[in-house]
Amino acid sequence: MILSLAAVAAMSSGGGSSLNSSSPLDPFDSSTPWNLVEDPANSSSEPVVQTVTPDLRPATTAVALQEVSPWDIALCVTGTLISCENALVIAVLFYTPTLRAPMFILIGSLAVADLLAGLGLILNFVFTYLIDSSVEFVTLLSVGLLISAFSASVFNILAITVDRYLSLYNALTYHTERTVTFTYIMVVFIWVSCLTLGLLPALGWNCLRDESTCSICRPVTKNNAVALAVTFLLVFALMMQLYLQICKIAFRHAQQIAVQHQFVAISTTKGVSTLSAILCAFGVCWLPFAMYSIVADSSYPVIYTYATVLPATCCSVINPIIYAFRNPDIQKSLWMACCGCVPSNLSLRPRTSSDV
């Protein structure tokens, strides 16, 4: 805000201490810093008064005055890593025509969700430090993209878990029941639901008009944050139950044929260990943020928010490693692509219970 020196003098003459005392009609208080500067746009070079407050900074110096947080740098770097990993997964699936089974469709949907999450983290950094983040549209766009992307990531992981459970529980009828069309319908349903969640802040469910209702992630309201956190906890509980059932089925299959094929039991044990690692990684990444979202609000120290958000974003770093790069078919396709070959005639090996 720029005021002429004459206006300041007139205010001073009206009351000797009007600049040093606050009143209900005075928009500034005595703690507001005042600086006399030269206005380059003023041909008379008349001194002007410039005020800088925490919420209102001059547009020309906003970037220079704002200190870059190391936490935001870490989130931006994480977003870049997420984007690179998942872009590679999407490229491999797109350029390999044989990778079109329901399992690979779900892996591709997960990769798209994580890619958007990584891009959302990068855009959030850009909007915060390089663009005027006080514009409501920018804030709502950033938070909407992040909510949609991370929600889609979590629900795609749940869909992959359900797919693995059905492949063991209905092993004989799995390939006839789980058609590509059915999988596409499920993926579309997931994305429509998650995009709707991301649009809620833009449709009015935000705290931009009432800061007291903000959650730890502005402009998401406290109630919306609690609802999202509770939904995640329910998803996590369902995943845990499904993985327990997968372990029971896998061990039962192993016991039935252990006499003829000893290696099956070893392979099944390895698969169950992998499932345990997947579940533990998912819980370690997301549980702290979900629990903290329930108990905390915007009045809590921001460092605790960063400390729980960063591990949650790391889940999107781990997902390509767990669900894509460990898959032998994707590994073979990726290796052939690195050698300059287009794996159009890649032969897929049959899927077994050890793939869980």
Which residues, taken from segment 274-307, are under 12 Å from the mean Cα position of the chain (by Cα) and of a type outside the set (Phe, Trp, Tyr)? CYS285
Check segment 320-339 and report whether any residue there is modelled with pLDDT of 90 or more, under 22 Å from ASN156 (Cα atoms) and within 16 Å of the chain's Cα centre (by Cα). yes
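Listed residues ILE303, ILE318, ILE294; which is in a helix (DSSP H, G or I), assigned by TED's automatic domain parsing to the domain that holds ASN86, among the hydrophobic types (A, V, I, L, M, F, W, C) and within 19 Å of ILE107 (Cα to Cα)? Write out each step before concluding.
Numbers: ILE303 fails: within 19 Å of ILE107 (Cα to Cα); ILE294 fails: within 19 Å of ILE107 (Cα to Cα).
The unique qualifying residue is ILE318.
If I go through segment 99-156 residue by residue, how many of them are closer than 20 Å to VAL68 by Cα and either of a type in the set (Val, Ile, Thr) or under 12 Å from the mean Cα position of the chain (by Cα) (or both)?
Pass one, segment 99-156, residues closer than 20 Å to VAL68 by Cα: 118-135, 138-139, 142-143.
Subsequent filtering for residues that are either of a type in the set (Val, Ile, Thr) or under 12 Å from the mean Cα position of the chain (by Cα) (or both) retains 118-124, 126, 128, 131, 135, 138-139, 142-143.
Total satisfying the criteria: 15.
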Go through segment 97-136 residue by residue and tally those that are in a helix (DSSP H, G or I) and of a type outside the set (A, V, I, L, M, F, W, C). 10
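Which members of segment 308-338 meet the condition of being farther than 20 Å from ASP163 by Cβ and either surrounded by 19 or more Cβ atoms within 10 Å (Cβ to Cβ) or in contact with a helix residue (DSSP H, G or I) (Cβ under 8 Å, 6 or more places away or on another chain) (or both)? Working first, answer last.
Step one: list which residues in segment 308-338 are farther than 20 Å from ASP163 by Cβ, which gives 308-314, 317, 332, 334-338.
Correct list: THR308, VAL309, LEU310, PRO311, ALA312, THR313, CYS314, VAL317, LEU334, ALA337.
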Restricting attention to segment 117-128, and to residues there that are of a type in the set (A, V, I, L, M, F, W, C) and buried (at least 24 other Cβ atoms within 10 Å of the Cβ), which single residue is farthest from ILE185 (Cα to Cα)? LEU121
Are there any pairs with C-beta distances below 9 angstrom linking a residue in segment 91-117 that is in the same structural domain as VAL180 (by TED's automatic domain parsing) and more than 14 Å from ASP329 (Cα to Cα) to a residue that is in a loop (DSSP other than H, G, I, E, B) and of a type in the set (A, V, I, L, M, F, W, C), with the two at least 6 apart or on different chains, and if so which? none
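Does SER83 count as in a helix (DSSP H, G or I), in the same structural domain as ALA229 (by TED's automatic domain parsing), in contact (Cβ under 8 Å) with a residue 60 or more places away in the chain and of a type in the set (Ser, Thr, Tyr)? Lay out the reasoning, then the answer.
Details: in a helix (DSSP H, G or I): yes; in the same structural domain as ALA229 (by TED's automatic domain parsing): yes; in contact (Cβ under 8 Å) with a residue 60 or more places away in the chain: no; of a type in the set (Ser, Thr, Tyr): yes.
Considered against the rule, which asks whether it is in a helix (DSSP H, G or I), in the same structural domain as ALA229 (by TED's automatic domain parsing), in contact (Cβ under 8 Å) with a residue 60 or more places away in the chain and of a type in the set (Ser, Thr, Tyr), SER83 comes out as no.
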Out of PHE289, PHE263, report the one residue that is surrounded by 17 or more Cβ atoms within 10 Å (Cβ to Cβ) and either modelled with pLDDT under 70 or assigned by TED's automatic domain parsing to the domain that holds ALA152 (or both). PHE289
ALA254: at pLDDT 75 or above, among the aliphatic types (A, V, I, L, M) and either closer than 24 Å to ASN124 by Cβ or touching a helix residue (DSSP H, G or I) at 6+ places or on another chain (Cβ under 8 Å) (or both), yes or no? no
Quick check on my filter: what residues within segment 205-231 are closer than 20 Å to ASN124 by Cα and part of a loop (DSSP other than H, G, I, E, B)? TRP205, ASN206, CYS207, LEU208, SER215, ILE216, CYS217, ARG218, PRO219, VAL220
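Report whether or not PHE155 is in contact with an Asp or Glu (Cβ under 9 Å, 6 or more places away or on another chain) and under 25 Å from ARG218 (Cβ atoms).
Answer is no for this residue.
The values are calculated or read from the model by the stated rules, or taken from the named source; none is laboratory data. Bear in mind the structure is a predicted one, so any value in this text is a computation, not a measurement. Every residue, glycine as well, gets a Cβ built from its backbone with ideal geometry; the counts of neighbours run over all protein chains shown.
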